[in-house]
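Input: a single structure, listed below in structure tokens.
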Ligand code: 1HE
């Protein structure tokens, strides 16, 4: 494993093909300031240049308490909208970049923290995780893509409830609501996220690219358009040299079959 680089707001390390970004402002519960957003952007760009998948986790007792409210309180309306647009750009680098990302969640996954997690492709939470969108209580609105990404994961009705009433969802509720895909025991989120990221990193890069770029876009298309784009992506990936080699490896029994879970 590469040495952990502590860039102030984030730590960065490379574990094989997987880049690991740690949100590193635990004394402020990993609240995200403007400089913190830039540190995330820098780490994501570095990961894209040297890794095949990435993991994002939080140092300390929480994943992330969202927007840095102390910094936000002093902003003009124009600075506010520019700040929100910058969050959109940086989180889009995660969602529609070159590699898949897995978030490992524990403790507070709140406001902008939930928006960050929603921009990753797979969310793993341990049972200490709790999810909230207290923007209504703070007199603000989501600004890091939550109205698009988090609402699509859990549905607008649940998100409206969370924002209007301050409802805090448990990790178990988050799993039922489709906010997370994996629920693990306390302290195990990062280990499971690493396993999943390593698994994704072993796929053909072109397939991963198609999965993270085409699949979400197809959800926004009319049925016939979606099917047409699917055919293009299917042909584009299947005719690549890597696909040919991987298909041959399967037929010649040189590769593992499915990861079928073992029964207890
Ligand atoms: C913060 C922040 C923050 C903590 N900005 N400083 N997010 C929220 O409304 C969540 C606000 N935070 C909390 O509700 C709690 O801090 C937690 C439940 C996450 C954790 O509680 P706890 O008891 O462990 O910590 P604490 O004592 O509340 O906080 C420790 C310190 O972190 C304290 O500073 P200190 O100088 O008094 O030690 C807090 O002020 C500081 N801190 N959270 C600034 N968020 C792009 S739009 C997105 C919109 C949003 O994200 S809105 C949701 C904002």
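Data overview
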item	result
Cross-chain or 6+ apart pairs with Cβ under 6 Å, segment 1-16 first and crowded, with 18+ Cβ neighbours inside 10 Å, then at pLDDT below 95 and part of a strand (DSSP E or B)	12/5
Residue in segment 26-64 that is farthest from the ligand (Cβ to nearest atom), counting only those that are part of a loop (DSSP other than H, G, I, E, B), surrounded by 18 or more Cβ atoms within 10 Å (Cβ to Cβ) and under 18 Å from the mean Cα position of the chain (by Cα)	52
Segment 136-151, residues that are in contact (Cβ under 8 Å) with a residue 40 or more places away in the chain and more than 7 Å from the ligand (Cβ to nearest atom)	145, 149
Checklist (1) more than 9 Å from the ligand (Cβ to nearest atom); (2) over 23 Å from residue 159 (Cα atoms); (3) in contact (Cβ under 8 Å) with a residue 12 or more places away in the chain; (4) surrounded by fewer than 22 Cβ atoms within 10 Å (Cβ to Cβ) applied to residue 77, failing item	(3)
Check on residue 70, within 14 Å of the ligand (Cβ to nearest atom), crowded, with 23+ Cβ neighbours inside 10 Å and assigned to a helix (DSSP H, G or I)	no
Residue match in segment 101-115 (condition: crowded, with 22+ Cβ neighbours inside 10 Å, away from the ligand (no atom under 11 Å from the Cβ) and over 13 Å from the mean Cα position of the chain (by Cα))	yes
Enumeration of residues in segment 141-166 that are assigned to a loop (DSSP other than H, G, I, E, B), surrounded by 16 or more Cβ atoms within 10 Å (Cβ to Cβ) and in contact with a strand residue (DSSP E or B) (Cβ under 8 Å, 6 or more places away or on another chain)	143, 144
Residue satisfying condition, being in contact with a helix residue (DSSP H, G or I) (Cβ under 9 Å, 6 or more places away or on another chain) and modelled with pLDDT under 90, within set 243, 204, 200, 238	243
Inter-residue pairs, beta-carbon under 8 Å, first over 13 Å from residue 179 (Cβ atoms) and in segment 105-116, second near the ligand (Cβ under 6 Å from one of its atoms) and part of a strand (DSSP E or B), 6+ apart	111/67; 112/67
Any hit, segment 26-36, residues being closer than 22 Å to residue 191 by Cβ and in contact with a helix residue (DSSP H, G or I) (Cβ under 6 Å, 6 or more places away or on another chain)	no
Lone qualifier among 127, 123, 176 - being away from the ligand (no atom under 15 Å from the Cβ) and free of Cβ contacts under 8 Å to residues at least 24 places away in the same chain	176
Selection status of residue 196, surrounded by 15 or more Cβ atoms within 10 Å (Cβ to Cβ) and closer than 23 Å to residue 18 by Cβ	yes
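The values are calculated or read from the model by the stated rules, or taken from the named source; none is laboratory data. Worth saying up front: this structure is predicted, and the values here are computed from it rather than measured. Quick reminder, even Gly has a Cβ in these numbers, built from the backbone with ideal geometry, and neighbours come from all protein chains shown.
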